[in-house]
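The structure under discussion appears below in the form of structure tokens.
The values are calculated or read from the model by the stated rules, or taken from the named source; none is laboratory data. Worth saying up front: this structure is predicted, and the values here are computed from it rather than measured. Here Cβ is always computed from backbone atoms with ideal geometry, including for glycine, and neighbour counts include all displayed protein chains.
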Amino acid sequence: MTYQIEAQARAEQGTGASRRLRNAGKLPGIVYGGDKAPVAVVLDHNSMYYKLQEEAFHTSLVQLSVDGNVEQVLVRAVNYHPFKQLVLHVDFQRVSDATKVELRVPLHFVGAEESEGVKLQGGTISHILNEVQVRCVATKIPEFLTVDLSILNAGHAIAHLSSIKLPEGVELTALARGEDLAVASLNGAKAV
């Protein structure tokens, strides 16, 4: 999924200028990367706030229009206010179709209800990881990765990174380092 965002370049920078923008309902940000110089931008706060609430937005390519010039970017960092529903700053990274990136992708768990360990052995599933670091080309970033928990039972009570089916061209950085971390576990199951 691709998102479209409108932004304007901003000349004023610093704490006072950013505070004035936030008081006016705007959001300061920066676009960096590629072979161009970093550009300070200003965005509409409310539209960005609601886009940032969507899980897919954080792993999708964004078409950012800065004063009419469209660039392909990824959201790299977001700063939130500690207790208000307020975004303080957003960082975007310019990417091309061939740029290799590393970013965190959420895990979606399926099949827990069909698992023998839950259905017949009375166990419960605990999620150990909620997201994983992946490395891939910017155009192949998966929205999420699916973890199938239907194989868990009292004899096989832990799901690992190696059990995740990956799309073509996507690799898990932990597996590349030789770390096959646990993703979910079955607790309290009693063999029948």
Given the structure, is residue 43 among the hydrophobic types (A, V, I, L, M, F, W, C), surrounded by 12 or more Cβ atoms within 10 Å (Cβ to Cβ), at pLDDT 95 or above and closer than 13 Å to residue 7 by Cα?
yes
Identity of the residue in region 96-120, among the aliphatic types (A, V, I, L, M) and within 22 Å of residue 140 (Cβ to Cβ), that ends up nearest to the chain's Cα centre (by Cα)
105
Quick one: residue 3 ticks every box in (1) under 15 Å from residue 80 (Cα atoms); (2) touching a helix residue (DSSP H, G or I) at 6+ places or on another chain (Cβ under 9 Å); (3) at pLDDT below 95; (4) of a type outside the set (A, V, I, L, M) bar one, so which box is it?
(1)
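Here is a check on your reading of the model: is residue 75 surrounded by 19 or more Cβ atoms within 10 Å (Cβ to Cβ), outside the structural domain of residue 106 (by TED's automatic domain parsing) and under 18 Å from the mean Cα position of the chain (by Cα)?
yes
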All positions within region 26-36 that are surrounded by fewer than 17 Cβ atoms within 10 Å (Cβ to Cβ) and modelled with pLDDT under 95
34, 35, 36
Kindly indicate whether any position in region 146-161 is within 15 Å of the chain's Cα centre (by Cα) and not assigned by TED's automatic domain parsing to the domain that holds residue 77.
yes
With the requirement that a residue be within 18 Å of residue 160 (Cα to Cα) and surrounded by fewer than 16 Cβ atoms within 10 Å (Cβ to Cβ), what does region 115-128 give you?
124, 126, 127, 128
